[in-house]
Amino acid sequence: MELNSMKINEIKELMEELGEKAYRAEQIFRFIHQHNGRDIAELKQIPLDLRGKLKENYFISDMKIFKKFSSEQDSTVKFLYLLDDGNIIESVVMKYEHGYSLCISTQVGCRMGCSFCASTKEGLVRNLTAGELLNQLYLAEEDLNIRISNIVLMGSGEPLDNLCNVDRFFDIINHDKGRNISLRNITLSTCGVVPGIYELAAKDIPITLSISLHSPFDEKRAEIMPIAKRYKLGELLKALKYYSEKTGRRITFEYTLIENENDREEDVREMARLMKGMLCHVNLIPLNPIKEYNKGRPEKKGVLSFQRKLLEFGIPTTIRREMGSDISASCGQLRRSFIEHNK
Ligand code: SAH
């Protein structure tokens, strides 16, 4: 069993089972989540015999920085991590005025099949555990000697396809005996897995929910993202309205701009119609071309004009700042090119 995926209450229960004092749980939890402890043998705060008992059935999952790429254009750093089982995942650290933000992966690969996304081209390999989600943060902080203030679940994988582990991650990361990052500083991005949105709403936690929209028309959206065949826009928007009413949080829509595909006047109009009266915000992402998808991004002025039109409809709209493009810091591209070269 993976000790670093366990909530503090679960470790308390374990201590009880082992006939140990409850305060040992806090020592173990702090060792892992505040001191980046990886080896149970080094858990000197607890007695030797308890360390021995723990080691029989428990371990702290680790990973290694396999490669690190630092952008020369900005301070973006991309990590390729090697997991215990030989899989590779990636995370990106970005520096903003308000501090450091980390983009983490939630799965090895992805089974959602979005046409322009590099992460999904090899399908889903497996879910990441809560410990592996946390390790992406701990290793990046340790290596760069920084404190990360914001986390976005926008790397490889679909977080709502791994909600059980993501939920554990939220619980552990937010704990005051652990790394104690506010849930308000965490954003979860989904391609629109409707039941997952309701599950998340039921948890009533103050994270920001971000939805990959990419087209306001069902048919076009389904061409770009297979999930849209399963959950139509009507159903998705109903779930989002429910979510924002339940949590009082503003929804973000991500919209990847693809030239002559979803950047037309009628797209703007339909978006405005769908979003009318919703507490929301649009983030435009000019497409990062990948070789498996033969479409491009609109020119800069097309992107600006799309933004302006949405603003004219009263929809708050920003353009994703491009970071680390010299290190292909976006969207699963590094892991993918690594896998291709090592086949
Ligand atoms: N599975 C989740 C989170 C991962 S992707 C989701 O779909 O939201 C994070 C965002 O990057 C999504 O909006 C996704 O559609 C977008 N994206 C993926 N590949 C891209 C590319 N090549 N160019 C631009 N945006 C891309």
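Of note:
- Index of the failed condition, ALA272 passing every other in (1) in a loop (DSSP other than H, G, I, E, B); (2) in contact with a Phe, Trp or Tyr (Cβ under 6 Å, 6 or more places away or on another chain); (3) small (Gly, Ala, Ser): (1)
- Selected residue (only one of ASP143, ASP161, ASP171, ASP167 is assigned by TED's automatic domain parsing to the domain that holds LEU82, among the acidic types (Asp, Glu) and within 10 Å of the ligand (Cβ to nearest atom)): ASP161
- The sole residue among GLU141, GLU158 that is open to solvent by less than 40 Å² (accessible area, probe 1.4 Å), touching a Cys at 6+ places or on another chain (Cβ under 7 Å) and of a type in the set (Asp, Glu) is GLU158.
- Considering ILE151, ILE89, the condition of being within 11 Å of the chain's Cα centre (by Cα), away from the ligand (no atom under 11 Å from the Cβ) and open to solvent by less than 50 Å² (accessible area, probe 1.4 Å) is satisfied by ILE151 alone.
- Filter result for ARG184 (closer than 24 Å to GLU2 by Cα, open to solvent by 30 Å² or more (accessible area, probe 1.4 Å) and away from the ligand (no atom under 16 Å from the Cβ)): no
- The residues on offer are PHE66, PHE116, PHE31, and the sole one that is part of a helix (DSSP H, G or I) and among the aromatic types (Phe, Trp, Tyr) is PHE31.
- Boolean, LYS276 is within 16 Å of the ligand (Cβ to nearest atom) and modelled with pLDDT under 95: no
- Scanning the range 43-86 for residues that are of a type in the set (Lys, Arg) and open to solvent by less than 10 Å² (accessible area, probe 1.4 Å) yields a count of 1.
Residue-by-condition table, conditions (1) in contact with a Lys or Arg (Cβ under 9 Å, 6 or more places away or on another chain); (2) without any contact (Cβ under 8 Å) to a residue 40 or more places away in the chain; (3) within 14 Å of the ligand (Cβ to nearest atom); (4) outside any helix (DSSP H, G or I):
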{"residue": "GLY196", "(1), (2), (3), (4)": "no, yes, yes, no"}
{"residue": "SER210", "(1), (2), (3), (4)": "no, no, yes, yes"}
{"residue": "LYS238", "(1), (2), (3), (4)": "no, yes, no, no"}
{"residue": "LYS246", "(1), (2), (3), (4)": "no, no, no, no"}
{"residue": "VAL268", "(1), (2), (3), (4)": "yes, no, no, no"}
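Matching residues to (1) in the same structural domain as ASP161 (by TED's automatic domain parsing); (2) open to solvent by 20 Å² or more (accessible area, probe 1.4 Å); (3) over 20 Å from the mean Cα position of the chain (by Cα):
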residue: TYR198; (1), (2), (3): yes, yes, no
residue: PRO206; (1), (2), (3): yes, yes, no
residue: GLU219; (1), (2), (3): yes, yes, yes
residue: GLY234; (1), (2), (3): yes, yes, yes
residue: VAL268; (1), (2), (3): yes, no, yes
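- PHE116 fulfils the conditions (1) touching a residue at least 40 places away in the same chain (Cβ under 8 Å); (2) open to solvent by 10 Å² or more (accessible area, probe 1.4 Å); (3) under 22 Å from PHE66 (Cβ atoms); (4) within 14 Å of the ligand (Cβ to nearest atom) except for a single criterion, (3).
- Residue match in the range 11-26 (condition: of a type outside the set (Asp, Glu), assigned to a helix (DSSP H, G or I) and touching a residue at least 60 places away in the same chain (Cβ under 8 Å)): no
- Among the residues of the range 28-42, the one identified as of a type in the set (A, V, I, L, M, F, W, C) and surrounded by fewer than 14 Cβ atoms within 10 Å (Cβ to Cβ) is ALA41.
- For TYR23, the conditions (1) of a type in the set (Ser, Thr, Tyr); (2) outside the structural domain of LEU144 (by TED's automatic domain parsing); (3) closer than 16 Å to ASN135 by Cβ all hold with the exception of (3).
- Candidates are the residues of the range 300-313 that are in contact (Cβ under 8 Å) with a residue 24 or more places away in the chain and open to solvent by 20 Å² or more (accessible area, probe 1.4 Å); the one that is nearest to the ligand (Cβ to nearest atom) is GLY302.
The values are calculated or read from the model by the stated rules, or taken from the named source; none is laboratory data. Quick caveat, the model's predicted, so the values are computed rather than measured. All Cβ positions, glycine included, derive from the backbone under ideal geometry; neighbour counts span all protein chains shown. Note: areas computed on protein heavy atoms with side chains; ligands, DNA, RNA excluded. Shrake-Rupley method; radii C 1.70, N 1.55, O 1.52, S 1.80 Å.
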